[in-house]
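The values are calculated or read from the model by the stated rules, or taken from the named source; none is laboratory data. As the structure is a computational prediction, the values presented were derived from the model and not from experiment. Cβ placement follows ideal geometry from the backbone for every residue including glycine, while neighbour counts extend to all protein chains displayed. In case anyone asks, the SASA skips ligands and DNA or RNA and just uses the protein heavy atoms, side chains included. Shrake-Rupley method; radii C 1.70, N 1.55, O 1.52, S 1.80 Å.
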Amino acid sequence: MGIYLVSISASEWSGEDDDEDDEEGTGYGPRAAALNDALRVRGLPPFTSLPEEAPFVRGSGLAFEEKLVPSMDGFVALCEEHLSAAETDLLCGWTLLVPISLDEEIWLPVASAYTDETMVAGAPQVLALAERLAAAVELPSAVPATSDNLDLTMWFLDGPAKDLAATRPGPWADDLDTAFYVALFLRAAQFVLRRGSPVAHS
């Protein structure tokens, strides 16, 4: 159990795949409909073009799944040091990340896995914020580029990050929990824009 960030396929988004509904039992269909209503009000086209789920191939970058295991305290402190309060709320507060440029977050009156409402953020805006933090901590290029199956979680928690930190010190190595979340939000936004698939808390 625990909180995960996972990618959403076209059938899940449309509500066709009932077996993949979130633990609140609502599935993604109500959120998809509410988001399209909100986009229409803003004069934006509906979000309907999503890829179908691809067969699992580690390292392919066609899916996203990571578990939020470490404490976020250091990451929140990093955000407060380098970002405004509004930017911190955007980066840390979304429950649905979409490949749409949004001037501000959208609140949907539809429950997410762990909240009564759904906060939607645009991946371009989240990527820009995550890139600033990645630069601030000097996140190394050795951090896994894909997250098909807990790639980041295992890299940071199961040894490779600690080994690299011993030979390549720097701000990122001073707090690996914080570096994990910098990498997590960076890779999530990159995935959403590359794949065109939303990522949500589950």
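With a 1.4 Å probe and all protein chains left in place, how much of the accessible area of the range 132-202 comes from carbon and sulfur atoms, in whole percent? About 52 percent, which is the carbon plus sulfur part of the accessible surface. Accessible surface of the range 1-129, 1.4 Å probe: 52 percent of it comes from carbon and sulfur atoms. Between the exposed loop cleavage positions of the chain, defined as trypsin sites (Lys or Arg not before Pro) in a non-H, G, I, E, B DSSP state with at most 16 neighbouring beta-carbon atoms within 10 angstrom, the longest gap is 59-202. Only DSSP H runs of four or more residues enter the estimate; each adds -39500 (n - 2.57), and after division by the residues of the chain the mean residue ellipticity at 222 nm equals -13500 deg cm²/dmol. Computed over the chain, relative contact order equals 30 percent, with contacts defined as Cα pairs under 8 Å that lie 6+ residues apart.
The structure-derived value of volume of the Cα convex hull per residue in Å³ appears in the list [x] 124; [y] 212; [z] 112 under the label [z].
So, counting K/R as plus one and D/E as minus one, what does the shell of residues with Cβ under 14 Å around GLU104 add up to?
-3
For the chain, the solvent-accessible area with a 1.4 angstrom probe is 46 square angstrom per residue. Among the GluC sites (Glu not before Pro) within the range 108-199, those in coil by DSSP and having at most 14 neighbouring Cβ atoms inside 10 Å are GLU117, GLU138.
Here the range 145-202 and the range 116-144 have alpha carbon centers that stand 10 Å from each other. Within the chain, antiparallel bridges make up roughly 75 percent of the DSSP beta bridges whose residues both belong there. Enumerate by residue number the chymotrypsin sites (Phe, Trp or Tyr not before Pro) in the range 54-123 meeting two conditions: DSSP loop (anything except H, G, I, E, B), and at most 13 other Cβ atoms within 10 Å of the site's Cβ. Answer by residue number: PHE56, TYR114.
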